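Laboratory data are not the source of any read-out in this text; all were calculated from the coordinates shown. In this text the structure is predicted, and so the values were computed from the model without any measurement. Quick reminder, even Gly has a Cβ in these numbers, built from the backbone with ideal geometry, and neighbours come from all protein chains shown.
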Amino acid sequence: MSSAEGLLSARPAASKPTAPLGRRDWLEAGQRLLLVSGVGGLKLRALAGSLGISTGSFYHHFSDFDAYLVALAKYYSGEQLAANIAAVLREAHTPYDRIVRASQVAREVALPELMVAMRAWARRDARVAPEVRALEQGLMDFLARCFVELGFQHDQALVRAFVMLSAASSEVALPPGDKHRLGESIIDLVCDGAPAL
């Protein structure tokens, strides 16, 4: 599955999968459940039900549910982040285009909503907090590099990356209007005055 197909391209609940499920299927099902039900809804039966299978195959990939929760948190900040950044780098060749594509991929995979859910989970589970920080730092570093390549000084690039990331994952109610257009306006704002544009 490409990063663009994203997090929300779930298998229909209770339908039998046509191919054997892998570790990633279980992890992405956990993310979908986290988005819908919060950390309190992360239960093995609910996960298996959302995938349309029994709980037995879970143990082919994870030793127990605690190990699954740790893997879920690490997937968020590791493999999934790396895959999304790699896709952006493959698909967009200029710094500006990478910023725009990163924003699109984030929306496609419901990253803003997932960041809010992961932060809520991190407040309840100390094992999750480092993974939330790692994802945020990884995104900040990626965006700051793009802004530096646009000609901004490093400190200016960091501020722009911070503004973009904060706006994307804010829990503040959005102003009325088109959410997509708001995202474009934020990109226009943080890229304004770029020496290399």
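Miscellaneous remarks
- Principal-axis tilt of helix 23-37 within the chain, Cα atoms, nearest 10 degrees: 80 degrees
- Percent of Cα pairs exceeding the 19 Å cut-off, where the set is the chain: 62 percent
- Residue order, fewest to most surrounding Cβ atoms within 10 angstrom, among 135, 69, 51: 69, 135, 51
- Remark: 114, 182, 35 ranked as 182, 35, 114, counting other beta-carbon atoms within 10 Å and listing the fewest first.
- In a DSSP loop and with at most 13 other Cβ atoms within 10 Å, the GluC sites (Glu not before Pro) in region 135-197 are 171.
- Mean ellipticity per residue at 222 nm, deg cm²/dmol - from DSSP H runs of n ≥ 4 across the chain, formula -39500 (n - 2.57): -20500 deg cm²/dmol
- Relative contact order, whole percent, for the chain stands at 21, derived from Cα pairs under 8 Å and 6 or more residues apart.
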